Structures are given as C-alpha cells and as structure tokens.
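Have a look at the structure below before the remarks.
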Amino acid sequence: MEPSPIIAPSILAADFARLAEEVRAVEGSADWVHVDVMDNHFVPNLTIGLPVVASLRQATAIPFDVHLMITDPDRWAPGYAEAGAYNVTFHAEACEDPVRLAKRLRAAGSKAGLAIDRDTAVEPYLELLPYLDTLLIMTIKAGFGGQKFLPEMLDKVRDVRRRITAKSLQVRLEVDGGIGADTIAQAAEAGADAFVAGTAVYGAEDPAEAIRKLRAMATRAAVTA
Ligand code: DX5
Ligand code: ZN
C-alpha cells in the first residue's frame, strides 16, 4: 500500500505574532508543520531562524518540516536537527556536498531533505536519492508565499517518482509553492506524496478543514493516478 499523503501547512502564511496558536490550530489535522527559514541572501526575503524554531518546538507536538532557504546550510542546518526538527531540507543550489550534509543531519537526529528550486534541473540529483529522506521540488521560485503554481515543474516530480519506484526507495516526494484545492490533484497524479500549503491553509477560514479537504483530494488523485 502507498503511504498516505503528508499535508504540511506553511506558517509563512500564518500570523507571525501568534505562531504558537497558529500551529496549535492545525494539531490533529496537519501531518507536519512546514517552517520556511529565509536569510535575505539565498532568497531576498527574511523570515525566522533557529531561536524562533527552538521556542516554537516547545509549543506543539506536530513534527517540524524545516525548509532552509539559506546560504551555507553546512553551517546552520544541523542546529535545526538538534533543536528537534523532524525533517531538515536544504537547497541543492546552496550546498556543495549534499550527501555529506544529509549524513550529518541524520547523525544529528533528523531526517534529511534536498530542495530543488525552479531553475534547477533534477537529473544530476537523482543518484543522491538513496541518501535522502525527502526530495522537495519547488513548484514556484523559492522566496515568497502566495505565488502561482508552475505546472511545468511536474515533469521533475514525474522523473523523481519514476526513480523512487524503480529503486524501491523510501523517499518522500514533496512539492512546495502554490499548492491548493486547484493544484494538489495534478501534483499527486505526477507522484508527489507530501504537500506544502501556506496560503491555501492559513488563508482559509478554517485551516484544519482546509487541510482535511486537501488530504482527501491528494488521496483520491493518487489512487486514480
Ligand atoms: C516559498 C516557501 C513556501 C511558501 C508556500 O519559498 O518555500 O513554503 O510558504 O506558500 P504558498 O502555499 O502560499 O505558495
Ligand atoms: Zn517552503
């Protein structure tokens, strides 16, 4: 049986003055909470860093999916694992030796993820899949929430899914950017099984209900794919 889809609401679209409450609002419905760390270097935007993640970690039991949009992840990423992140994803474009960093993350107690931005081809990274727990395909250009989903990114998702299936790998295939009720089915059909959603969850009247609807759509699409 296929593993059930992961829905990971992104707190980038939440109210930063009430982060603990916003995270608790999705307890019981979210599988992971997606935490977008941006450093104003790798991407132009600036969000939150390790002290906030460490504090927020104490506020909920939901696993944290930390997405590091930062330069020099070798220096910073293991700290997020030590702070209790479930999964730490760093960008291929920012890392010289992804396998080495993935091993360090696992040794520090988290799962290891590699992210591929909009303008980066995925082929060179397919051979690294056995060393990873998650592979994140950006379906926008990393840096800002609320952007429009780019369906042409789904070719990358299909390529990765083919490789995961061919090699029987235990890797979560995550998509991030513009995921919502109008796009999640196509991403699931292409082979994604973990879905980040910021605006579609925290922009909704009832975030928990939005998550349940997204999960139902993803599950249905994966069955018919
Ligand atoms: C953007 C972030 C995304 C963002 C997604 O670079 O990586 O996680 O929060 O937001 P939406 O779902 O609004 O596109
Ligand atoms: Zn993200």
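Observations
- Taking the DSSP beta bridges with both ends in the chain, the antiparallel portion is around 5 percent.
- Taken as Cα centroids, the range 208-225 and the range 166-202 sit 10 Å apart, rounded to the nearest whole angstrom.
- Within-9-Å neighbourhood charge of Thr134 [Cβ basis; K, R +1; D, E -1]: -1
- Beta bridges per DSSP, both residues in the range 21-139: antiparallel share near 5 percent.
- Partner aspartates and glutamates whose Cα lies under 12 Å from the Cα of Lys213, excluding those fewer than 8 positions away in the same chain, are identified as Asp182.
- For Leu214, neighbours were defined as the other residues whose beta-carbon sits under 14 Å from its Cβ, and their charges (Lys and Arg +1, Asp and Glu -1) total -3.
- Within the same chain, aspartates and glutamates fewer than 8 places from Lys141 are excluded, and of the rest, those with a Cα less than 16 Å from its Cα are Asp36, Asp39, Glu93, Asp117, Asp119, Glu152, Asp155, Glu174, Asp176.
- Full-extension gain in nm, Arg100 to Ser55, via 0.36 nm per residue minus C-alpha separation: 13.4 nm
- Couplings 3J(HN,Hα) for the range 52-68, derived from phi with the Karplus relation 6.51 cos²θ - 1.76 cosθ + 1.60 (θ = phi - 60°), are 5, 4, 5, 5, 5, 4, 6, 8, 7, 9, 5, x, 9, 10, 8, 10, 8 Hz, where x marks Gly and Pro.
- Local electrostatic count, Asp74, Cβ distance below 13 Å [Lys/Arg +1, Asp/Glu -1]: +1
- Classified by the C-alpha gyration tensor, the range 94-166 has an oblate form. Its axis ratio a/c, with a ≥ b ≥ c, is 1.5 or above, and a/b does not exceed b/c.
- The 3J(HN,Hα) values that the Karplus relation (6.51, -1.76, 1.60; θ = phi - 60°) gives for the range 162-167 are, in residue order, 4, 5, 4, 5, 4, 9 Hz. Gly and Pro appear as x.
- Computed extension length for His41-Asp182: 47.6 nm, one decimal, from 0.36 nm per residue of separation with the Cα-Cα distance subtracted.
- Global geometry of the chain, whether rounded, prolate or oblate, following the gyration tensor of its Cα atoms and the 1.5 cut on a/c: rounded
- Peptides 14-20, 89-95 ranked from most to least packed give 89-95, 14-20, packing being the mean of other C-beta atoms within 10 angstrom over each peptide's residues.
- Taking the Cα centre of the chain as reference, the dipole from Cβ charges on Lys and Arg (+1) and Asp and Glu (-1) amounts to some 500 debye.
- Cα shape, the range 1-53, gyration tensor, a/c 1.5 rule: oblate
The numbers here are math on the coordinates, done by the rules we state, and not lab data. In this text the structure is predicted, and so the values were computed from the model without any measurement. Glycine also receives a Cβ, built like all others from the backbone with ideal geometry; neighbour counts cover every protein chain displayed.
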